[in-house]
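What follows is a short report on a single structure.
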Amino acid sequence: MSDAELLVQAGSAPNGPFALEITPERAGWAYSGLKILEMSAGAAVTISTQSDEAIALPMAGSFEITVGEQTFHLHGRPDEFSALTDYLYLPRGATAEVRTSGDHARSRLALPTARAEATLSASYHGADEVRLELRGSGMASREVRNYALGNAVTTDRLLAVEVITPGGNWSSYPPHKHDEHTEDERVLEEIYHFRIRSHAPGADPASGVGYHRQHGTAERPMELLAEVRNGDTVLVPHGYHGPCMVPPGYDMYYLNVMAGPERDGVWKMTDDPHYAWVRETWPEQDVDPRLPLAGGTNGEEAQE
């Protein structure tokens, strides 16, 4: 896959009922995937996880999901920026009927996936189970919402988090990588799925622009500096990724999906040594007072 193909622009990878479908085969790797359903009010669709485990994560709207003889009600949220959401773990080999509920004219459901070996049980998780952190400080402040990382959710391989970056800030910074198995890293294929919100008077709130950077090593070169807009997706097969930058007047959301060969549920990474010094400046600055956008925190403030 060429460097340019690592950017999957909105609308360029639909398949069947999915507005976006990134499978491991489509990405050219072995484990991580992402599917997104965009559904009108009252719509229903049947999906199958097949060889993957997944999390049904409402991005906008609410849903009713039936798996076997169990029906789960996901209260969801108005949009990705405004609140945390409840969610549903779906095991490999599951068939699920997804229906929209509530009065959203257009609902959006993300399905982060990972190629799995173990077959677990479907399980509902409330928004109060999401571990919310504030990372960085100053203009590197961001809000991290852990849906399947360091909380009580059990998965086979899947890790999934959301990151909110308010206008003028940088996130995924310093640039970091996780493409080797060492004491400091785990091999994790990663997907970034972006939503951008505009504060411009009279503008479409979903309009706007941000920027994403990633680069490789001497042994595995890779270069991408991408303008990202609402619904764009970036694949990170290896190398250093970050920063993600959003101009003043806009807010950036991205959903990170990670999975790799290990099944220990651990996220470990190393900073690009050229930028690692940046962390040393954080204790001298305050966390951006605009955060968290989702309300109160239920986790420790972290400097990662």
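Read the figures in this text as sums done on the coordinates, not as results from a lab. Every value quoted in this text rests on a predicted model; they were computed, and no experiment measured them. All Cβ positions, even for glycine, are placed from backbone atoms using ideal geometry, and neighbour counts span all protein chains on display.
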Applied in sequence order to segment 235-249, the curve 6.51 cos²θ - 1.76 cosθ + 1.60 (Karplus, θ = phi - 60°) yields integer Hz couplings, x standing for Gly and Pro, of 9, 10, x, 5, x, 7, 10, x, x, 9, 10, 10, x, x, x
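Under the classification rounded if a/c is under 1.5, otherwise prolate if a/b is larger than b/c and oblate if not, where does segment 4-280 fall, given a ≥ b ≥ c as square roots of the Cα gyration tensor eigenvalues? Don't skip to the end; give the middle numbers.
On the way: a/c = 1.63, a/b = 1.22, b/c = 1.33.
Note, shape of segment 4-280 comes out oblate.
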Row for segment 76-206, column shape: gyration tensor on C-alpha, a ≥ b ≥ c, rounded if a/c < 1.5 i.e. under 1.5, prolate if a/b over b/c, else oblate; value oblate
Give the shape of segment 67-145 as rounded, prolate or oblate, defined through the alpha-carbon gyration tensor: a ≥ b ≥ c are the square roots of its eigenvalues, a/c under 1.5 means rounded, and otherwise the shape is prolate if a/b is larger than b/c and oblate if not. oblate
For VAL153, what is the net charge nearby, where nearby means another residue's Cβ is under 12 Å from its Cβ and Lys, Arg count +1, Asp, Glu -1? -3
Determine the distance separating the Cα centre of segment 29-51 from the Cα centre of segment 159-215; give it in Å without decimals. 22
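Remind me, relative contact order of the chain in percent, using alpha carbon pairs under 8 angstrom and six or more residues apart?
On the way: 841 pairs, mean separation 63.2, N = 304.
Averaging sequence separation for qualifying contacts and normalising by length gives 21 percent for the chain.
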Can you tell which of THR165, THR270, THR85 shows the greatest fluctuation in a Gaussian network model of the chain with Cα springs below 10 Å? THR270
Grab the DSSP H runs of the chain that are 4 residues or longer, score each as -39,500 (n - 2.57), total them, divide by all residues and round the 222 nm result to the nearest 500 deg cm²/dmol. 0 deg cm²/dmol
Grab the other residues whose beta carbon is less than 11 angstrom from that of ASP251, score K and R as +1, D and E as -1, and report the net. +1
In a shell of Cβ-Cβ distance under 14 Å around GLY33, excluding GLY33 itself, what net charge do Lys and Arg (+1) and Asp and Glu (-1) give? -2
Estimated vicinal HN-Hα couplings, Hz - segment 5-21 in sequence order (Karplus 6.51, -1.76, 1.60; Gly, Pro = x): 6, 6, 8, 9, 6, 3, x, 9, 9, x, 7, x, x, 8, 5, 9, 9
Pop out the ³J(HN,Hα) list for segment 122-128 in order, Karplus 6.51 cos²θ - 1.76 cosθ + 1.60 with θ = phi - 60°, rounded to Hz; leave Gly and Pro as x. 4, 8, 8, 9, x, 4, 6
Interchain or sequence-distant (5+) residues whose placed amide H lies within less than 5 Å of the amide H of ASP86 are HIS75, GLY76, ALA127
